[in-house]
There are 2 protein chains.
Amino acid sequence: MSGQPQTAMTPANSSRTVPSRFPVLEIFGPTVQGEGMVIGQKTMFVRTAGCDYACSWCDSAFTWDGTAKADIRLLEADDIYEELCETAGGEDRFSHVTLSGGNPALLAGLGEFISLLHSRGKRAALETQGSRWQDWFTEIDELTLSPKPPSSGMKTDWEMLDSIIHQLSAAGSAFSLKVVVFDVCDLDYAVQVQQRYPDVQLFIQAGNDRLDEADASVLLIHLAGRYEQLVSEVIERPSLNRARVLPQLHAWIWGNKRGV
Amino acid sequence: MSGQPQTAMTPANSSRTVPSRFPVLEIFGPTVQGEGMVIGQKTMFVRTAGCDYACSWCDSAFTWDGTAKADIRLLEADDIYEELCETAGGEDRFSHVTLSGGNPALLAGLGEFISLLHSRGKRAALETQGSRWQDWFTEIDELTLSPKPPSSGMKTDWEMLDSIIHQLSAAGSAFSLKVVVFDVCDLDYAVQVQQRYPDVQLFIQAGNDRLDEADASVLLIHLAGRYEQLVSEVIERPSLNRARVLPQLHAWIWGNKRGV
């Protein structure tokens, strides 16, 4: 959608003899998933570099704006898994891994890593905006599609989103939609999403508009107020009766700190 | 379990000609569900009176301790539904109803109300401690079983809980377990629950130990700190790798106020 280039490349094919390498920016945890369909889930995070979007309010802009370019490492699935175990303090200390970005859906070969996780008895969740399809989507245990509302400055490819949702539904995948809301136009967009995909669970999330706030307590009070406001607006809209309204728990607890 | 008597009675039979009447203490909403498996869900609440437990830290003790006895109304399913519509400001303004208590599972005839909700296209969620079975449990769309940990002063009837979980599993019901945690003994209890029911999603919730705090901002900071502490303790326990750790969002946002 945006002209923002990927900051790193992976091989388009995923041959068995030449393992894919993935641009990884962060591996951290165990922590809890702070938002969306498995909010509260104890999990590890793998954050990949590179995005096809450049949302105005992105809380992980370092994954695509070049500022963390020097930190990107090209890792094979085995390397990532090994580092997950090391970071967690042992293979037995986690059973769930969340793939986030950037947009991990840019990585054609990532199915190799998903398979590896499953072979070790770990579940895999994915967060992506729904701008690209990958066949390995159907292997994901909990997939969150978060199309971006007007305030992001991005434009939704509805035909692509239709196609992704159609394929996930046909495969019987566990997936949901999530819309981050900053203003009333974003809320109208959430209504549009709900009406276009009435059978998919929609999560509405209050956006963090204080990415530069360094005091976690100040941010907590502010974000709680924004959440309450969003709840009251959703309550006023019968078209959002089936929606779930959630905070970003990690921002409420740990503020704008990275790696938690 | 406790000697606490029910504060009101309903007919044990649910004859078609004589509709059951249910002891109702509160009908409110729309708001959002603040905890558990459908946290964030836009919903109406129906709070029934009477409980077979008397938890030391119960945040709805007025449902069983006699202090709100004068507010209990004996209502038929039709009456409750009508009041839900009035309270919401119209039948189109909600699509989800949460039944809480007290312990709504004491009410043998409540299936009448569940059927009425479904006939009007509304979903029904239930919160109960898992001390009693009712056949209408299998009609519930999202059922939360919250057995009480040691700090409550209650004693779990494991055979009953086994039986309930067996029946819900056999029926293919959507249900989960939730344990409220106040101290390390409670967390050990959560581990016990997870190990006894490894295939059921477990939610662990930080208990509210400041039920008398009148300042919502003070409570928010306090509860957020308790949540963070609970997360760090769950992270240290591999036996809780699959658990989800959640706050009570309604207490974080609205403090100890009733009816929100």
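The values are calculated or read from the model by the stated rules, or taken from the named source; none is laboratory data. Keep in mind that this is a model prediction, so the values were computed, not measured. All Cβ positions, glycine included, derive from the backbone under ideal geometry; neighbour counts span all protein chains shown. Protein only, heavy atoms only, side chains kept; ligands, DNA and RNA dropped before computing areas. Shrake-Rupley method; radii C 1.70, N 1.55, O 1.52, S 1.80 Å.
Between A and B, roughly 3200 Å² of accessible area is buried in total, ligands, DNA and RNA not counted and the probe set to 1.4 Å.
By the Cβ-Cβ criterion of under 4.7 Å, the unpaired cysteines of the protein assembly as shown are A:C51, A:C85, A:C185, B:C51, B:C85, B:C185. Residues whose amide H lies under 5 Å from that of A:D65, counting only those 5 or more places away or on a different chain, are absent; hydrogens are built 1.01 Å from N in the peptide plane. Against chain A, whose longest principal axis comes from its Cα atoms, helix A:216-235 is set at around 60 degrees.
Of B:I39, A:I72, the order by accessible heavy-atom surface (1.4 Å probe, DNA, RNA and ligands excluded), from most exposed downward, is A:I72, B:I39. Take A:Y189: with every protein chain present and a 1.4 Å probe, its accessible area is about 20 Å².
Amide H to amide H, with H built 1.01 Å from N, A:F175 comes under 5 Å of A:L143, counting only residues 5 or more places away or on other chains. Residues in the stretch A:151-217 average 45 Å² of solvent-accessible surface per residue, probe 1.4 Å, ligands and nucleic acids excluded.
Scalar couplings 3J(HN,Hα) for the stretch B:193-210, obtained by applying the Karplus form with A = 6.51, B = -1.76, C = 1.60 to θ = phi - 60°, are 4, 4, 6, 6, 10, x, 9, 9, 4, 9, 10, 10, 10, 6, x, 8, 9, 10 Hz; x denotes Gly and Pro. Mean per-residue shielding of peptide B:19-27 is 0, counting Cβ atoms of other chains within 10 Å of each Cβ. Phi angles of the stretch A:140-150 translate, via the Karplus equation with coefficients 6.51, -1.76, 1.60 and θ = phi - 60°, into HN-Hα couplings of 6, 6, 9, 10, 9, 9, 10, x, 9, x, x Hz per residue; Gly and Pro are given as x.
What the stretch B:34-95 shows is 36 Å² of accessible area per residue, with the surface traced by a 1.4 Å probe over protein heavy atoms. Computed with a 1.4 Å probe over protein heavy atoms only, the accessible area of B:D92 comes to about 90 Å².
Rounded to the nearest 10 degrees, the angle from helix B:77-88 to the longest Cα principal axis of chain B is 70 degrees. Other residues lying with their Cβ under 13 Å from the Cβ of B:I221 contribute a combined charge of -2, Lys and Arg counting +1, Asp and Glu -1. Quick check: the distance between the Cα centres of the stretch A:226-240 and the stretch B:128-157, to the nearest angstrom? Between the Cα centre of the stretch A:226-240 and that of the stretch B:128-157, the gap is 30 Å.
If I compute solvent accessible area with a 1.4 Å probe over the protein chains, what percent of it on the stretch B:151-260 is carbon and sulfur? Intermediate values should be presented prior to the final figure.
Working: 2280 of 4590 Å².
Answer for the stretch B:151-260: carbon and sulfur cover 50 percent of the accessible area.
Accessible surface for A:H250 stands near 50 Å², nearest 10, in the context of the full protein assembly shown (1.4 Å probe). Summary of packing: across the peptides A:217-226, B:174-183, the per-residue average of other C-beta atoms within 10 Å ranks them, highest first, as B:174-183, A:217-226.
Shielding by partners for peptide B:241-253, expressed as the average number of C-beta atoms from other protein chains within 10 Å of each residue's C-beta, is 6.
Have a look at the DSSP beta bridges in the protein assembly as shown and tell me what percent are antiparallel, nearest 5. Antiparallel bridges make up about 30 percent of those DSSP assigns within the protein assembly as shown. The listed residues A:R21, A:R47 rank as A:R21, A:R47 when sorted by accessible area, largest first, using a 1.4 Å probe.
The overall shape of chain A is prolate: from the C-alpha gyration tensor, with semi-axes ordered a ≥ b ≥ c, the ratio a/c is 1.5 or greater and a/b exceeds b/c.
Dividing the summed helix terms, -39500 (n - 2.57) for each DSSP H run of n ≥ 4, by the number of residues in the protein assembly as shown produces a 222 nm estimate of -9000 deg cm²/dmol to the nearest 500. Here the accessible area is traced with a 1.4 Å probe on the protein chains. For the stretch A:72-143, carbon and sulfur cover 39 percent of it.
Leaving ligands, DNA and RNA out of it, rank A:T156, A:T63 by accessible area with a 1.4 Å probe, largest first.
Values: A:T156 25, A:T63 0 Å².
The residues order as A:T156, A:T63, largest area first.
If both residues of a DSSP beta bridge must be in chain B, then about 30% of such bridges are antiparallel. Between the Cα long axis of helix A:158-171 and the first principal axis of chain A there is an angle of about 60°, rounded to the nearest 10.
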